[in-house]
Amino acid sequence: MKVTVLQENLAKGLGVVSRAVSPRSTLPVLANVLIATDEGRLRLSATNLEMGITCWIGARVEEEGSTTIPARTFADLVGTLPDPQVSLILEPRTQTLNLRSGSSTNEIKGIDAQEFPPLPVPEFEGAIAINVADFKEMIQQVAFAASTDESRPVLMGVLLHVEGDTLTMAAADGFRLSVRKAVLSSAAPAPVTAIIPARALQELARIASDGEQVIQMVLPKGRGQVIFRVKDVELASQLIDGTFPDYHQIIPRSHKSRTLVSTASLLKACRQAEIFAREGTNVVRMNIKNAGELQPGEVEISANSEETGSNETIVEATVDGVPLLIAFNVKFLREVLEVIKTPNVAIETSASNAPGVVRPVGDDNFIHVIMPMHLGQLRRKRRKILPS
């Protein structure tokens, strides 16, 4: 292999694929990046066997070839090279990659490309096309609610369902639920349902830049995989086996109080309260006051810690319904407010021990449900939104 590439493009490509590298694997080759010539371009690939990322960059190819190089060493070195152009020359017998840039000459020992796990070669004919900006926002508003508890792997994923021209994504961790819908530019040829690891979707959102228009998605039959393509990058992920809970049963169908409040003001109050709540049980009290038929009111946000102190912030609100004192995990409340794009948010409640619903005002495509925390001073415990 003999290839010349731009240092900037090589560094960017390595930055994209390196997130799929598996540094703690028992297979040494999984700590490497595959470098291969591919129809006049240079292909970079990495995988941890659950997720794989491939990126193509422009190159001047003089001799074909492939090898795998330790990802961290390669990326760190490329980031320090002095010249815009980088020359890569492989010695096949020793699997040593000679890397030259300006006055810098380096040799990196690699592993034969034959030992690298094969990545899928998808057929994108009939792929589902999704607007990049919409999909990134959907991932941002849903994936954070997925569980990190490996004992319930289904909840570590995001349920993705496509039917007609409607795309729905949902995630839950047992204490909260996020659901987001979007309309596709064209209808899918057939309904699709899959549970995709939240981490894979978060990596996809990181990879896709705002200047790109469309993400293509395919689910090859019988492979248990989903593959996304965005411009010069492909991300393949294993799907999660199992049955996702029926989240429709979790969403309350009615409420006794609806509180309209400024998203920014409530978020600021939650961030202040979290400074004190994080030292204890992360509980924040939300006291909805002066509620009446379309009468203005206020929401008092408070938190206290025996070690740190206490905090109280009053936020103006429009309250329709009964007054209520309810407690939430302040981290959960902050995280959902951070992904809401509308100026105002509605919080729907029924009782101190019933789920609260958070909705962006003016956007019917997003809904978030949070289970409350016990209000008792001596014994505070989170209530679960899903059965164990």
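The values are calculated or read from the model by the stated rules, or taken from the named source; none is laboratory data. Because the structure is predicted, anything quoted here is derived from the model rather than measured. Positions of Cβ are backbone-derived with ideal geometry, glycine not excepted, and every protein chain shown enters the neighbour counts.
Can you list residue pairs whose Cβ atoms sit under 9 Å apart, with the first residue in region 75-96 being farther than 11 Å from LEU10 by Cα and the second being exposed (fewer than 15 other Cβ atoms within 10 Å of the Cβ) and basic (Lys, Arg)? Count only pairs 6 or more apart in sequence or on different chains.
So the pair list comes out as THR94/LYS109; GLN95/LYS109; THR96/LYS109.
Would it be correct to say that ARG43 is closer than 24 Å to GLN225 by Cβ and outside any strand (DSSP E or B)?
no
Among the numbered conditions (1) touching a strand residue (DSSP E or B) at 6+ places or on another chain (Cβ under 7 Å); (2) modelled with pLDDT under 95; (3) surrounded by fewer than 18 Cβ atoms within 10 Å (Cβ to Cβ), tell me where ARG278 comes up short.
It is condition (1) that ARG278 fails.
Give the residues of region 80-114 that are closer than 28 Å to ALA236 by Cα and surrounded by 14 or more Cβ atoms within 10 Å (Cβ to Cβ), sorted by residue number.
LEU88, LEU90, GLN95, LEU97, ILE108, GLY110, ILE111, ALA113
Counting only residues that are among the aliphatic types (A, V, I, L, M) and farther than 24 Å from ALA20 by Cα, give me the strands (runs of 3 or more DSSP E) lying completely in region 210-279 with at least 2 of them.
257-262
For ALA269, indicate whether it is modelled with pLDDT of 95 or more and under 29 Å from the mean Cα position of the chain (by Cα).
yes
Read through the list (1) without any contact (Cβ under 8 Å) to a residue 12 or more places away in the chain; (2) touching a Pro at 6+ places or on another chain (Cβ under 8 Å); (3) not charged (D, E, K, R), then give the number of the only condition that GLN114 fails.
Of (1) without any contact (Cβ under 8 Å) to a residue 12 or more places away in the chain; (2) touching a Pro at 6+ places or on another chain (Cβ under 8 Å); (3) not charged (D, E, K, R), only one is false for GLN114: (2).
Of everything in region 224-250, what is loosely packed, with under 14 Cβ neighbours inside 10 Å and in contact (Cβ under 8 Å) with a residue 12 or more places away in the chain? Give them in sequence order.
Correct list: GLY224, ASP241, GLY242, THR243.
Can you tell me which residue within region 185-201, out of those that are closer than 17 Å to ASP134 by Cα and surrounded by fewer than 17 Cβ atoms within 10 Å (Cβ to Cβ), is nearest to the chain's Cα centre (by Cα)?
Looking at the filtered set, the residue picked out is SER185.
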